[in-house]
1. For region 546-633, treating each Cα as an identical point scatterer without solvent, what Debye log10 I(q)/I(0) comes out at q = 0.15, 0.16, 0.17 1/Å?
2. I need the fraction of alpha carbon pairs in region 246-323 separated by more than 22 Å, rounded to a whole percent.
3. If amide hydrogens are placed 1.01 Å from N in the peptide plane, which non-local residues have theirs closer than 5 Å to the one on Val902?
4. Would you mind listing how long region 230-283 runs along its three principal axes, going by Cα atoms, in whole Å with the largest first?
5. Could you tell me how far the Cα centroid of region 616-695 sits from the Cα centroid of region 349-401, in Å?
6. At what distance in angstrom do the alpha carbon centres of region 746-762 and region 709-738 lie from each other?
7. Need one number: nm distance between label points at Tyr552 and Glu220, each 7 Å from Cα along Cα→Cβ, rounded to one decimal.
8. Calculate the tail of P(r) for region 488-538: the fraction of all Cα-Cα distances greater than 19 Å, expressed in %.
Amino acid sequence: MSGKSSATRNLPQSLSTYTHLIPSCSLLFSFLSPPRFSILLLQSLFHSSLLGFPFSPMAPDPNRASTSSSAKDDAVAKKKVENEDLSDEDLALKQQLELYVERVQDPDPGLQKVALESMRQEIRTSTSSMTSVPKPLKFLRPHYGTLKAYYETKADSDLKKYLADILSVLALTMSAEGERESLKYRLLGSEGDIGSWGHEYVRNLAGEIAQEYAKRQSEEAPIDDLMELVQQIVSFHMKHNAEPEAVDLLMEVEDLDMLVEHVDKTNFRRTCLYLTSSARYLPGPDDMLVLDIAYLIYKQFEEYPNALQIALFMDNLQYVRQVFTSCNDVLRKKQFCYMLARHGITFELDEEMAADDEDREMLQDIINNSKLSEGYLTLARDIEVTEPKSPEDIYKAHLLDGRASAGASVDSARQNLAATFVNAFVNAGFGQDKLMTVPSDSSSSGSSGNWLFKNKEHGKTSAAASLGMILLWDVDSGLAQLDKYFHSNDNHVIAGALLGVGIVNCSIKNDCDPAMALLGEYTDREDTSIRIGAIMGLGIAYAGSQNEQLRYKLAPILNDPKASLDVIAFTAISLGLIYVGSCNEEVAQAIIFTLMDRSESELGEPLTRLLPLGLGLLYLGKQDSVEATAEVSKTFNEKIRKYCDMTLLSCAYAGTGNVLKVQNLLGHCSQHLDKGETHQGPAVLGIAMVAMAEELGLDMAIRSLEHLLQYGEQNIRRAVPLALGLLCISNPKVNVMDTLSRLSHDTDSEVAMAAVISLGLIGAGTNNARIAGMLRNLSSYYYKDTSLLFCVRIAQGLVHLGKGLLTLNPYHSDRFLLSPTALAGLVTMLHACLDMKAIVLGKYHYVLYFLVLAMQPRMLLTVDENLKPLSVPVRVGQAVDVVGQAGRPKTITGFQTHSTPVLLAAGDRAELATEKYIPLSPILEGFVILKENPDYREE
């Protein structure tokens, strides 16, 4: 600055030389932080003069004409120094404002009005950088108290309101914390437009309104004046691209309905995106209210696909119906049907939703998923992986050193059983393989019949059922090929065929109900394995359908005195799957009575753990609805009481991200037990089930599980790998991969087995080379331990699930929706893995087939208006979170351009790379219908 004195340029001679810095610095920092800063600044200046600078109170000052010891002269000098630091413009502004302050207190109202107008003008037109206080506010700072005092003495008039407006703006930087003076004077001021005072002022007011609202609510005082102000602020924010701030304010004052009248077609998308994202972090019932508003806004602007997603998220079938009835475009309805099919819910269309019979039949076909197999095979042909693979192609034993490959040649039943599963997982849905579907006349050694009989007893069940997995989703040829096993003399083979029928029909609905017709008559047979095959098959085929007919068929088995415990356990699970998330009271009561009837010894059996799980699945994700049943469970035998409690809690809050429930479950895991109780296993799994809802909670849960590994009891350590597997399912995160790799060499074989299975789960369907390498090394490390080797083989099969085209992730649509049936299948399998030795390594290894409920192609398949595959260029890259960002930020990063159909990895997002077509779904996943863009012109 030109007016700087030599004393400021050189090393200061005395403290008085830089006192002129203090007011402006302390002003700036009082704008940013508490007033203590100015005291600290004074102290530091004082210390620096003691430490290094010559400090003498009487030192000559070049700025002064003469030195006087009187206080008056000091004040004058200080003011002079202060003024000398200002430029000529600033000095003029400062003197001008001081004059206005004097004029405001003038008895003449005319002068007062002119002075207030001028002051107002100065404040409004002043601009400043983000980090400094506007100059008029800075210079008016010393006069704030004067103006306040004068305001109190002034009689009511328009001028008094004018003055209140100015005090309200000055309070922005000057009022003490918690005084809310800015709001106080605003309410006393004139009714003018608040936006003209600037954005920062409006934001500050919003913050003060939130505090004032909370205070008035507690005192039950009226809030009408506040709400008028809220209306203005929301209107201002919505016009100035600050939708998140408008939403936050309305949440604070509990009036989100006001939002609907302020959104327009330029900002509704950003508003709704913020609403749906914040819903995850809100406690109930607020989260549902927020989603309700988002649904209404989307519907108002005819963004039906987004409205449908919110309806599915809320599990509100009434809203789903509204979306169908509000939209008249059949093509868009087809897209809705693809979304419903992917979510896996059973939904019947009526005449109101689709008037034309032919259209309705076609739409129902899409919901029934009858096109899934066709689309999946299109993807396989495009990526050129239709060639069947054998288990040996997966094991890659030739890459290992001698001992392991030598051990693998032994033809043991356990190894053959493992090969059966690997073969089923790898060739899932392809319709051909090298073990089961080989025509019997080609070579006697490889024929299907022969492979079946290379398995012992219950192994044959899994082998026959594996044919169902290979022909997954292809109902017609699946039933035709499984038919031959129904004529077998071996009950295990028949049981496998029944289970195979269930698997083929998984997530496919059919008008003629082939699964019910075939399996229904076998549920009451004498032989337990046949009964279990039929019951489990029905559970898988009708998961989520809430089929009443099946309830009448299966519920009586629970009270059948002749039925063995394993039959009862699988019946409970099947009923849980069929009625997943329905809170059905009849089924709940039937399972509760069954649990109460069990004897002390039966409650100790490993399979008993499936009964509370069947009960829990009824309340999957339904939060508070579980409370009545949870109270009843407190009356159970103490052996299973806590186990049941944990299972119900974890299922009811699965996928909600509820932090309090995670804390509750962690609390149970921190106890040290004496009596060999088993309830901590489901509690650990529960942490994963609740926290998997969003990325932040997921990372925190991974860290908490690391702590449990270090400090937890043995039964907790056995469950931790499974919980990690669920958190990162089909999403191999490097840190989790390393943890599981470390645990796979654990001294406790149960921990090692769980870790190995989880390595398979986190890599499921990804063909991840690093995990495949780890598992190959483990297969040579454990070549003598048949149980662990079996787990390694299963994991190898999972990593190459569907030759890398499938995923087990229950989340879809950009991780927004959670498919209840998929999660139910995963949780059932994980609960079974809590007792590896008795269930998975015992004779119930077919529980692994529950994973079929979560299997979905991880593809983007674009189709034209006639639903025929259409290849278009798309960009696939890592998804970027753009919530609350202004403008139109890029939603993906690091993308590559491919032609559809394409595979989508975890965390990937796709967008069209051409403007020739318009996608009918906002999220490019699964089947997406494209319609031609009428405005497109070839370049």
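1. For region 546-633 at q = 0.15, 0.16, 0.17 Å⁻¹, log10 I(q)/I(0) is -0.49, -0.56, -0.63.
2. Details: 484 of 3003 pairs.
Here the long-distance tail beyond 22 Å is 16 percent of all Cα pairs in region 246-323.
3. Leu860
4. 28, 22, 15
5. The distance from the Cα centre of region 349-401 to that of region 616-695 comes to 35 Å.
6. Using only Cα atoms to place each centre, the spacing works out to 9 Å.
7. Placing both labels 7 Å beyond Cα along the Cβ direction yields 5.5 nm.
8. Values: 242 of 1275 pairs.
Within region 488-538, distances greater than 19 Å cover 19 percent of Cα pairs.
The values are calculated or read from the model by the stated rules, or taken from the named source; none is laboratory data. All values reported here derive from a predicted model rather than from experimental measurement. Because the Cβ atoms are built from the backbone with ideal geometry, glycine has one as well, and the counts that use them run over all protein chains shown. Keep in mind that these areas ignore ligands, DNA and RNA; they rest on the heavy atoms of the full protein, side chains included. Shrake-Rupley method; radii C 1.70, N 1.55, O 1.52, S 1.80 Å.
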